[in-house]
Amino acid sequence: MNNSVSSAARLLGAGLRALLVLTVICGVLYPLAVTGIAQAVFHGKADGSEVEDASGTVVGSSLIGQRYDLPKQDPHDADEAPRPDLKWFQPRPSAGLGTNSVNTRYSLVLSGATNKAADDQDLVNDVEEAKAAVVADNSTATHEIKPSDVPADAVTSSGSGLDPDISPAYAELQVPRVAERNGLPVARVAKLVADNTEGRTLGFMGEPRVNVLKLNIALRALTAEG
């Protein structure tokens, strides 16, 4: 009987010691080591790829899209549809799976797509409405946008619903409207888009893209120049 109790006590003690050692190694030392290496080698990425404006204020992440809307007419109306502030370049539509109180400019809590098929009538209606809005918003007194000019990313959300980038075609489509709304020459705004267009990753992966947040920061700086 005594031998059984002693054996069980030894096994229990060994198990507790193993639990303590593994907790220290896996729960404390390893996370600290990984965090330290990340901060030392990839400081910006480890902190969330934060983007600062000209004043040094963090205005978002280069990895997560955000909207550029006018203030609500009624701040207490939760059902009021957001209206885009047309002096800024606009991102892709978002397809968030929830709302949050942290980044209210982009109603997202979870990354994800709508998972609607191409023949889903709701998706077809959403795309048609989005295309009509893009045509109406971006047509100016001197530049008419045709439905055939609207690229796919202007009317569809990304697979993640978080895409911070738009295609160069969508950015270029917005140039006349942004130039008119800000009182800038079209050529200067077009150059701004060209300067903020990134090529394929490693020269062959993905597609050329424009980060909307960085582009709008550059636009703010340009308008500040007068």
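The values are calculated or read from the model by the stated rules, or taken from the named source; none is laboratory data. Predicted model only: the values in this text are computed from it and were never measured. Note: ideal-geometry Cβ built from the backbone for every residue, glycine included; neighbour counts use all protein chains shown.
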Within segment 145-168, can one find any residue that is more than 19 Å from residue 89 (Cβ to Cβ), in the same structural domain as residue 55 (by TED's automatic domain parsing) and among the aliphatic types (A, V, I, L, M)?
-> no
Does any residue of segment 47-58 turn out to be modelled with pLDDT of 80 or more, surrounded by fewer than 10 Cβ atoms within 10 Å (Cβ to Cβ) and not in a helix (DSSP H, G or I)?
-> yes
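Condition first: among the acidic types (Asp, Glu) and under 20 Å from the mean Cα position of the chain (by Cα). Now tell me which residues in segment 164-194 satisfy that. Break it down into steps so the answer makes sense when it comes.
Filtering segment 164-194 for residues among the acidic types (Asp, Glu) gives 165, 172, 180.
Residues satisfying the conditions are 165, 172.
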Where in segment 114-226 are there helices (runs of 4 or more DSSP H), lying wholly inside it, with at least 1 residues that are among the polar types (S, T, N, Q)?
-> 121-138, 168-182, 212-224
Collect the residues in segment 167-197 that are free of Cβ contacts under 8 Å to residues at least 24 places away in the same chain and out of contact with any helix residue (DSSP H, G or I) (no Cβ under 9 Å at 6 or more places or on another chain), keeping them in residue-number order.
-> 191
Picked from segment 111-163 (must be over 20 Å from the mean Cα position of the chain (by Cα), closer than 30 Å to residue 186 by Cβ and of a type in the set (S, T, N, Q)), the residue surrounded by the most Cβ atoms within 10 Å (Cβ to Cβ) is 138
